[in-house]
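Written out below as structure tokens is the structure these notes cover.
The values are calculated or read from the model by the stated rules, or taken from the named source; none is laboratory data. The shown structure was predicted, so the numbers you read here are calculated from the model rather than taken from an experiment. Positions of Cβ are backbone-derived with ideal geometry, glycine not excepted, and every protein chain shown enters the neighbour counts.
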Amino acid sequence: MIVPSWARLSLRTFVLIYLAILLLAPVGLIFYRTFEPGLGAVWDSITTPEAKSAFWLTIKITLIAVPLNTIFGVLLALILERKQFRGKALLNTIIDLPFAISPVVIGLSLLLVYSINEPVGGWLADRGIRVMFSMPGMVLATMFVIVPFVVREVAPVLDEVGDEQEQAAATLGASGWQSFWRITLPSIRWGVAYGVVLSTARAIGEFGAVSVVSGKLVGKTQTLTLLVGERYGNFDVHGAYVASGLLALIALVTLLAMTLINPRREHA
Amino acid sequence: MAAEQLAHPPGLETSRDRHTSFGAPGPLGTGIALLWLSLIVLVPLAFLFAKALEASPSQMWDEVSNGPALAALLLTVGAALIVALINAVVGTITAWVLVRDDFFGKPVINALIDLPFAIPTVVAGLVLLVIYGPDSPVGINVSFTRWAVLLALLFVTLPFVVRAVQPVLIELDREMEEAAASLGASSGATFRRIVLPNLLPAIASGAALAFARAVGEFGSLVLITGSIPNKTEVMSVLIFKNIENDLPEAAAVLSVELLLISILVLLALRLLGRKRR
């Protein structure tokens, strides 16, 4: 298509203005507002006891949810791509469900299983196991939300590389495990890495589902995103900007990781 | 499936025709994975449906048909449709500029498109509030209005259509366009008759994803919309309020309503995808 240069230029200008208004100016301004009162104020704001405990809770939840989700994500991708069975379309739909369900609804569903007012949650509470308004519930909510990320990155790579190499390994007498560690995993590693980056970003940034199941106990079940909401609600606007700035920084690092992994993933 | 069977006539066995390919997990691994998926996703959803069904039909009708609930449903679906349409147009133009145009800083812009996926939703809401809220340095204040709903949804759904269209546009055979041009077609006609039909499936699936995301969006909306009933309150916020007010049954009924809408969109998306192949 030969596009006249005036049209090309006006389309480019339109896109850049749209992105500037919607994306670049707002994100730029939040960093400006964060650092406006000086580095000292920023430091004080991220080292309060609540902020520190929110930071570590976020890290803990992510470090439990993401590795578990990665293992099961690879397993599910292998099942989808390397097995023939009835109900594959159904399994695909179930894996995609978290994309289509509101985070609030995810939180509510967990609440209806594990709240102490409900049969299962009450039964567990009688045995001293508390899931809601504590870390296990928040981990469950995060795992629900990130279910699709690793599967959806790994499955297409598995489809692409095929199983000829595993076949060769099997004829040479390799066990299933040997063939997985030496052949399958190396060939899908960049797909896995991309999925891990996406699910980590999502785990750190999850708000809706976690805010339903957390009970928002300050210093106990408050994550970084919940801290943003709480500080804004308490009119600590600068505190909310600082926590947001920190999370936006994590998002930028995520983008950098995505940009670095993407070309390797595509030429796997 | 039928097309695959035609491509590989019987007798010529390929890895795709065999019952189980090499490198597939054994029965134990498969069982554990499916059990895990059920525990994480299916069991909670089953409890949600069970709770909703505890309400009698007339109660259910009351929950979904009262003023604020109906207003929330109309706002949620209406805003999601508008956002999907805007994304279909602007996302396609953005993808075109990123693929066919060349300018200083293009790789950076290309990478930043994914920022709304990486940024936490509550941060997205605050980020918009900083510039388009009460303390706006540019004098635009949309907070607590329906414009805020639209703005926040446009922010969080920005990448969907761009990322769906971009790869198709890169793969698109330019010879068709050159042929059309050499036969005297204007660039407008070439776009309408050659480029657009090839992009349509990708645009549709990107827009459908944006719609599904917008229908369920919560984090970016709570701070900037003020959640005013009958005005800026969307379904997810209404459900959240019901949970906070200890009305789990009402929340469950509204959730199932929202879920059914999402599932319909997901099914439509599947059908579109099937048509593409």
Any chance you could count how many residues in the stretch B:98-134 are within 8 Å of another protein chain (Cβ to nearest Cβ) and under 22 Å from A:Leu227 (Cβ atoms)? 14
Sole residue being part of a helix (DSSP H, G or I), touching a Phe, Trp or Tyr at 6+ places or on another chain (Cβ under 9 Å) and charged (D, E, K, R), chosen from A:Arg202, A:Arg189: A:Arg202
Could you list, in sequence order, all residues of the stretch B:212-253 that are more than 9 Å from chain A (Cβ to nearest Cβ), more than 30 Å from B:Val130 (Cβ to Cβ) and not in a loop (DSSP other than H, G, I, E, B)? B:Glu249, B:Ala250, B:Val253
Failed criterion for B:Gly105 (all others in (1) assigned by TED's automatic domain parsing to the domain that holds B:Leu151; (2) on the phi < 0 side of the Ramachandran plot hold): (2)
If a residue counts only when it is under 30 Å from A:Val139 (Cα atoms), which helices (runs of 4 or more DSSP H) contained entirely in the stretch A:1-63 have at least 3 such residues? A:25-35, A:39-46
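Is it the case that A:Val113 is among the hydrophobic types (A, V, I, L, M, F, W, C), part of a helix (DSSP H, G or I) and without any contact (Cβ under 8 Å) to a residue 60 or more places away in the chain?
Values: among the hydrophobic types (A, V, I, L, M, F, W, C): yes; part of a helix (DSSP H, G or I): yes; without any contact (Cβ under 8 Å) to a residue 60 or more places away in the chain: yes.
Yes, satisfied.
Within the stretch A:92-112, is even one residue more than 10 Å from chain B (Cβ to nearest Cβ) and either farther than 30 Å from B:Arg174 by Cβ or at pLDDT below 95 (or both)? Spell out how you get there, then give the answer.
Just the residues of the stretch A:92-112 that are more than 10 Å from chain B (Cβ to nearest Cβ), to begin with: none.
No, that holds for no residue.
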Exactly one of A:Leu68, A:Leu80 is surrounded by fewer than 18 Cβ atoms within 10 Å (Cβ to Cβ), in contact (Cβ under 8 Å) with a residue 40 or more places away in the chain and either within 30 Å of A:Val161 (Cβ to Cβ) or of a type in the set (Val, Ile, Thr) (or both), and that residue is A:Leu68
B:Leu150: facing chain A (nearest Cβ under 9 Å) and either crowded, with 23+ Cβ neighbours inside 10 Å or in contact with a helix residue (DSSP H, G or I) (Cβ under 7 Å, 6 or more places away or on another chain) (or both), yes or no? no
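Results for (1) without any contact (Cβ under 8 Å) to a residue 60 or more places away in the chain; (2) crowded, with 24+ Cβ neighbours inside 10 Å; (3) within 19 Å of B:Phe160 (Cα to Cα), shown as yes or no for each residue.
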site	(1), (2), (3)
B:Gly188	yes, no, no
B:Asn198	yes, no, yes
B:Ala210	no, yes, yes
B:Lys231	no, no, no
B:Val256	no, no, no
B:Ser262	yes, no, yes
B:Val265	yes, no, yes
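For every residue, the table says whether it meets (1) among the small types (Gly, Ala, Ser); (2) at the interface with another protein chain (Cβ under 8 Å from one of its Cβ atoms).
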{"position": "A:Ala168", "(1), (2)": "yes, no"}
{"position": "A:Ser175", "(1), (2)": "yes, no"}
{"position": "A:Ser179", "(1), (2)": "yes, yes"}
{"position": "A:Arg182", "(1), (2)": "no, no"}
{"position": "A:Trp190", "(1), (2)": "no, no"}
{"position": "A:Ala193", "(1), (2)": "yes, no"}
{"position": "A:Ala201", "(1), (2)": "yes, yes"}
{"position": "A:Val210", "(1), (2)": "no, no"}
The stretch A:216-232 residues that are at pLDDT 90 or above, paired with ones that are among the charged types (D, E, K, R) (beta carbon under 7 Å, 6 or more apart): A:Gln222/A:Glu50; A:Gln222/A:Lys216; A:Gln222/A:Glu230; A:Thr225/A:Glu206; A:Leu226/A:Lys216; A:Leu227/A:Glu50; A:Glu230/A:Lys216
Can you tell me which condition A:Gly173 does not meet? The list is (1) under 30 Å from B:Pro116 (Cα atoms); (2) in a loop (DSSP other than H, G, I, E, B), and all the others hold. (1)
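Only one residue in B:Val99, B:Val77, B:Val43 is part of a helix (DSSP H, G or I), buried (at least 16 other Cβ atoms within 10 Å of the Cβ) and either in contact with a helix residue (DSSP H, G or I) (Cβ under 6 Å, 6 or more places away or on another chain) or not assigned by TED's automatic domain parsing to the domain that holds B:Glu217 (or both), so which one is that?
Working: B:Val77 fails: either in contact with a helix residue (DSSP H, G or I) (Cβ under 6 Å, 6 or more places away or on another chain) or not assigned by TED's automatic domain parsing to the domain that holds B:Glu217 (or both); B:Val43 fails: buried (at least 16 other Cβ atoms within 10 Å of the Cβ).
Only one candidate passes the filter, namely B:Val99.
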Among A:Ser10, A:Ser109, which is the only one that is among the polar types (S, T, N, Q) and under 23 Å from the mean Cα position of the chain (by Cα)? A:Ser109
Please state which one of A:Met138, A:Met143 is more than 10 Å from every other protein chain (Cβ to nearest Cβ), under 30 Å from B:Leu115 (Cβ atoms) and at pLDDT 95 or above. A:Met138
